Ligand SMILES: C[S@@+](CC[C@H](N)C(=O)[O-])C[C@H]1O[C@@H](n2cnc3c(N)ncnc32)[C@H](O)[C@@H]1O
């Protein structure tokens, strides 16, 4: 798919998802959010950049960690509505609307002590190029910590993409599972010039109280929200029925407990470096 089209679909898709995002995903993403924060080991007074910050789940925790020492947190995202959600909750932070792949045009290079990116790389047309730009934002010895969804076969909700793609002209997230498969993330972190690279997989379970909660999270609060908003009534019902059928193996009475997997990656910008790679 044309990269510009993918960026537009992401931008306006997440604009649609923004009001539903936290209700749909806050709890489900908590293990990844915690693991990224652990990997980043933020300290009071530090400067932090949160890329693809969304409504600010990580930004908020970063602010709590660094603000006591007079630290600084910048959040960036491609979606204006996501940034509005984040800014309302975090008046002390600065927010910048930017495609992660052109980050260096919007924030200083060699400046941040830590860079976070929670579950954002899968949506970018070229995550490897985005990581190169992110690494440039770090000062020497600065830390980067990211999360992505893991292997497709480990994510029980994965059928949402073909179910929606079958009803639209352009695929919503064509390469969603690529960066979390095999050794791809570790290789991308090293290719971005980072050292002391670590990746770890976390198995998780996403719980929904009932079928409506499961469908609302998938169709309203995530990347397919734009496509879904354009479906007519019968198409919505058919897509929801197909999705429920795909997650039926994980139904327990009214509830669903769907397996998932995160990959957490971290690395350091090398100490012996000039201002730029
Ligand atoms: C699943 S949300 C994650 C939000 C937040 N980091 C969290 O952990 O909750 C994905 C975010 O990636 C953003 N995004 C998608 N493509 C992007 C791009 N090319 N540049 C910057 N942000 C992007 C979306 O707007 C959305 O807010």
Exercise for the section: Evaluate the range 169-182: report whether one residue or more is at pLDDT 95 or above, within 27 Å of residue 41 (Cβ to Cβ) and in contact with a strand residue (DSSP E or B) (Cβ under 8 Å, 6 or more places away or on another chain). Expected result: yes
Handout entry: Among the candidates 4, 43, residue that is in contact (Cβ under 8 Å) with a residue 24 or more places away in the chain, surrounded by fewer than 17 Cβ atoms within 10 Å (Cβ to Cβ) and over 16 Å from residue 206 (Cα atoms)
Key = 43
Problem - Considering residues of the range 118-128 that are buried (at least 24 other Cβ atoms within 10 Å of the Cβ) and more than 7 Å from the ligand (Cβ to nearest atom) only, the residue farthest from the chain's Cα centre (by Cα) - result: 127
Problem - Output for the range 129-145, where each listed residue is touching a helix residue (DSSP H, G or I) at 6+ places or on another chain (Cβ under 6 Å), buried (at least 24 other Cβ atoms within 10 Å of the Cβ) and assigned to a strand (DSSP E or B) - result: none
Exercise for the section: Please specify each residue of the range 232-245 satisfying the condition of being touching a residue at least 60 places away in the same chain (Cβ under 8 Å), surrounded by fewer than 18 Cβ atoms within 10 Å (Cβ to Cβ) and in contact with a helix residue (DSSP H, G or I) (Cβ under 8 Å, 6 or more places away or on another chain). Expected result: 242
Exercise for the section: Kindly indicate whether residue 266 is closer than 17 Å to residue 32 by Cα and exposed (fewer than 14 other Cβ atoms within 10 Å of the Cβ). Expected result: no
Exercise for the section: Answer yes or no: is there a residue in the range 41-48 that is more than 14 Å from the chain's Cα centre (by Cα) and at positive phi. Expected result: yes
Problem - Residues (at pLDDT below 95 and under 27 Å from residue 104 (Cα atoms)) located in the range 223-277 - result: 223, 271, 272, 273, 274, 275, 276, 277
Handout entry: Condition check for residue 200: in a strand (DSSP E or B), in contact with a helix residue (DSSP H, G or I) (Cβ under 9 Å, 6 or more places away or on another chain), at pLDDT 95 or above and more than 14 Å from residue 156 (Cβ to Cβ)
Key = yes
Practice task
Test residue 169 against the criterion of being out of contact with any helix residue (DSSP H, G or I) (no Cβ under 8 Å at 6 or more places or on another chain), surrounded by 14 or more Cβ atoms within 10 Å (Cβ to Cβ) and farther than 23 Å from residue 24 by Cβ, and give yes or no.
Solution key: no
Completion exercise
All conditions in (1) assigned to a helix (DSSP H, G or I); (2) buried (at least 17 other Cβ atoms within 10 Å of the Cβ) are true of residue 162 except (2)
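The values are calculated or read from the model by the stated rules, or taken from the named source; none is laboratory data. Note that the structure is a prediction, hence the values are computed from the model and not measured. A quick note on method: Cβ atoms are made from the backbone with ideal geometry, for glycine too, and the neighbour counts reach across all protein chains shown.
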